[in-house]
Every structure is written in C-alpha cells, then in structure tokens.
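Each remark here refers to the structure printed beneath this line.
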Amino acid sequence: MEKTCLCCKKRFNPHPAVRDQQYCSHRECQRTRKRKWQKEKLANDNDYRRNQASAQRQWRSRNKDYWRRYRKRHPAYTERNRMGQRERNRQRQTGSEIAKMDEQKGKTLIPSGRYRLVPLWDPEIAKMDELIVELGVISGDSGFGVRGS
C-alpha cells in the first residue's frame, strides 16, 4: 500500500514495522520529520525541554570558543550578521519612541530635585526588564511648574 511522503510528496512503500509512517526514507525527509518531532516535543514536554537546555549548557561549557572560531572561518556569515544587525538597529531607531541614553546631548537637562515616578506599561516594548517612568516636577522652584497629584 503506497503512501505520499509529507515532505517530498513522492510515493513510497511504508516499512511494515512502522505504523502510520508518513515520511519516506530519503535523508532530507527524515531530517524534516525529526525537526518537526523535536519542535513539538520542545513545545509540549517540560522534561525534554529541560534536558535539552542542560545538554546545550554542557556543550557550551566544553566548547567555549566555538562561535569565535566559526566566525573566523566563515567571514560571509559574520558579514551577513553585521548587516542584519545594522538593519535591525536602523529599524529600531526610526520606528520606535524609545529614548536613547544620549538623547539629552545638547539639550537642557532637568535639574536635580524630587520627581514622581509612575510605572508605564507599553505592550510594544519588548524588553520587560527596563523601567519606563514619567517624570513630573514636584517642587515649584525649578521653573518647570508644579504637577498636581
């Protein structure tokens, strides 16, 4: 009884010992099957996910300079990464309202004093560990005015 491979779409005869076989035996089809299985396993099995994370940590500790050597041997990869990062940085600069640390250069800084800090939630900001605050001057002697409470 022939079946159609989910990967290559070619017809194949399933192995009699493999119930519900959906992929043929070609190498790329088997890789696709395994990747799909691993993705589902990572999404649904906490023990598997923890074991994989532990194995990766151990591998990284044994191969500390792997990425440095890889980048040295693959300059095209390194350049592609650099170009991609430049583009991500450019998009972040033009498409975001997030202030940079050097935003106040050349501008009058708010003078020292007491300020009211109000947490602000913005779902478009990816970094959850950053604190965004609204600064309102409390004392009226700073020249910025008093903000009511």
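Once the convex hull of all Cα atoms in segment 1-63 is built, its volume per residue stands at 114 Å³. Once C-alpha pairs closer than 8 Å and six or more residues apart are averaged by separation and normalised to the residue number of segment 1-96, the relative contact order reads 12 percent. What is the distance in Å between the Cα centroid of segment 23-45 and that of segment 49-64? If we compute the Cα centre of each part, the gap is 21 Å.
Placing unit charges on each Cβ (+1 for Lys and Arg, -1 for Asp and Glu) gives segment 1-97 a dipole about its Cα centre, and among Q22, C8, Y77 the Cα reaching farthest toward its positive end belongs to Y77. Using only side-chain charges placed at the Cβ, +1 for Lys and Arg and -1 for Asp and Glu, the dipole size of segment 1-63 relative to its Cα centre rounds to 300 debye.
Coordinate-derived values only; no laboratory data. The shown structure was predicted, so the numbers you read here are calculated from the model rather than taken from an experiment. So basically every Cβ, Gly included, is an ideal-geometry build from the backbone, and we count neighbours across all protein chains shown.
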